Amino acid sequence: MADPNQSEQKPADGDLSDAELLELFAGHGVYRDNAAQYRGRLDGQLLINRCADCARYHQPPRPMCPNCWSFDVVPTPVSGRGTIHLLMYLHAGPPADGVDYHNGGHPVVVVELEEQEHLRVTGTVHEFGPNEPSIGDAVELDFLDRGGAPIVAFRPSHPTELNHPTKPDQPSLQEHRSQD
Ligand SMILES: [Zn+2]
């Protein structure tokens, strides 16, 4: 029989209570209007509020569409692909796991998502190797774990044009063949 003391059931995996969500993302500034976005991270999704009436995305999340003033906004998964719009390096700040303010600073980027012009999210970047990230670089979403909480990060995307035979600055295979 069900124990009345257990009527407050523990939420299923990936479905934290509000209190657990706040605890997990302590210091991230979780509040009512952005809680869904943080929950999405736990499912590996980048959620952006999208208006069900005019289809426009907006960021940061608000309860009302800034375009048409509709309150019918829906946290919607996006691809996480985009280009670096802004790049900066933090040389000081609060201590955080995996953040090194020395050795060139901690990179922070604002990425313009491919879903909509001027739709931008902030995060960090990694996996650039010896190449410095720069404005205009194509990137894709790659959450990083920081103290058990997923944070928004981007890595270089691997564009299919690497295999494209007609890249402008390289002689194409066809040109070589035509000389045979
Ligand atoms: Zn709208």
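FYI, it's all coordinate maths here, none of it is from the lab. Just so you know, these numbers come straight off a predicted model, no measurement behind them. Here the Cβ is made from the backbone with ideal geometry for all residues, glycine too, and neighbour counts use every protein chain on show.
Can you tell me what percent of all Cα-Cα pairs in region 20-62 are more than 15 Å apart? Display every interim value, and only then the final one.
Working: 399 of 903 pairs.
Result for the distance tail: 44 percent.
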Exercise for the section: Obtain the nm distance between the two label points defined at H158 and I135 by a simple spin-label model: each point lies 7 Å from its Cα along the Cα-to-C-beta direction. Expected result: 2.9
Handout entry: Pair D43, L90: separation of 7 Å Cα→Cβ label points (nm)
Key = 2.8
Practice task
Sort out for me the Cα centre separation of region 79-126 from region 50-78, rounded to whole Å.
Solution key: 23
Exercise for the section: Between the alpha-carbon centers of region 23-45 and region 130-149, tell me the distance in whole angstrom. Expected result: 19
Problem - Relative contact order (%) - region 10-78, alpha-carbon pairs under 8 angstrom, separation at least six - result: 26
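Based on the mean of other Cβ atoms within 10 Å per residue, sort peptides 17-30, 110-123 so the most packed one is first.
Peptide ranking by packing, descending: 110-123, 17-30.
Assigning unit charges at the beta carbon (Lys, Arg +1; Asp, Glu -1) and nothing else, what dipole magnitude in debye, to the nearest 20, does region 10-78 show about its Cα centre? Intermediate results must be reported in sequence, preceding the final value.
Working: 7 positive and 9 negative charges, 52 e Å.
Using only the charged Cβ atoms, the result is roughly 260 debye.
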